[in-house]
Amino acid sequence: MVDEDTMAAYAANIEKFRDMVTKIGGNSRLDSFLAKLPEGAKILDLGCGIGDSATQMRDAGFTVSCTDASSEMVAMANELYGLDAVQKSFSELQEKAAYDAVWASFSLLHAPGAEMPANLARIHLAIRPGGLFYIGLKLGVGEARDAAGRFYAYFGEEELRRMLAKAGFSVLAAEPDSMVGLLGSPEPCIHITSVRD
């Protein structure tokens, strides 16, 4: 399910979002994630935003597919970086053993918590055995909207570990952290890298 209020919030704040991404320089975990992959690996950037991470992957020699549910994000990714990003929701991920890795940087948190098991199952199917999966999420409990109107589902570390294990992933690293997002205030988050069993 795509939350239309979240899509509208990103559309209304797209320039502010681009400025924020440019200022913070993207996800600091990307370099170490890419270092674990074989040369030329095929990566899906699931929820690519404006395409900054996908561009870094492409420029490092990887084959990248990128999707986002926001038509404005897809348009900006293609305009800024010449990516072939496509508009697609998480539920539309249907590929099987198509990727060496999936990168989901603070995207899956916009889907209802009840949908996480099905989303993880689809991601598991899409990754080849032994492939890598990165997920970045905000830490917390329950679901809420922020001041911009975006929907969030929050999770705890142990809860995520259980869900990933049930979906067929083995966690390699789980790093609690703090991030400053679009609204400018720090929030607790977590970076998890796992391998598809």
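A few points about this structure:
- The chain, accessible surface, carbon-and-sulfur percent (1.4 angstrom probe): 53
- If you take all other residues with their beta carbon under 10 Å from the beta carbon of Ala126, and give Lys and Arg +1 and Asp and Glu -1, the sum is +3.
- Listed residue (His124, Gly181, Val102) projecting farthest to the positive dipole end of the chain, Cβ model: His124
- Charge dipole (Cα centre; +1 on Lys/Arg Cβ, -1 on Asp/Glu Cβ; no other charges) of region 92-148 amounts to roughly 100 debye.
- Each part gets one Cα centre, and for region 2-16 versus region 39-96 those centres are 18 Å apart.
- With a cut-off of 15 Å between beta carbons, the residues surrounding Gly140 carry a summed charge of -4, where Lys and Arg count +1 and Asp and Glu -1.
- For the listed residue pairs Lys42/Lys166; Lys42/Lys88; Lys16/Lys96; Lys36/Lys166; Lys16/Lys36, the alpha carbons are over 28 angstrom apart in Lys16/Lys96; Lys16/Lys36.
- Amide H contacts under 5 Å for Ala98, placed H, 5+ residues apart: Ile127, Arg128
- The chain, accessible area per residue, ligands and nucleic acids excluded (1.4 Å, Å²): 45
The values are calculated or read from the model by the stated rules, or taken from the named source; none is laboratory data. Keep in mind that this is a model prediction, so the values were computed, not measured. In this analysis, Cβ positions are derived from the backbone assuming ideal geometry, glycine residues included, and neighbour counts consider all displayed protein chains. Calculation scope for accessible area: heavy atoms of the full protein, side chains included, ligands and nucleic acids excluded. Shrake-Rupley method; radii C 1.70, N 1.55, O 1.52, S 1.80 Å.
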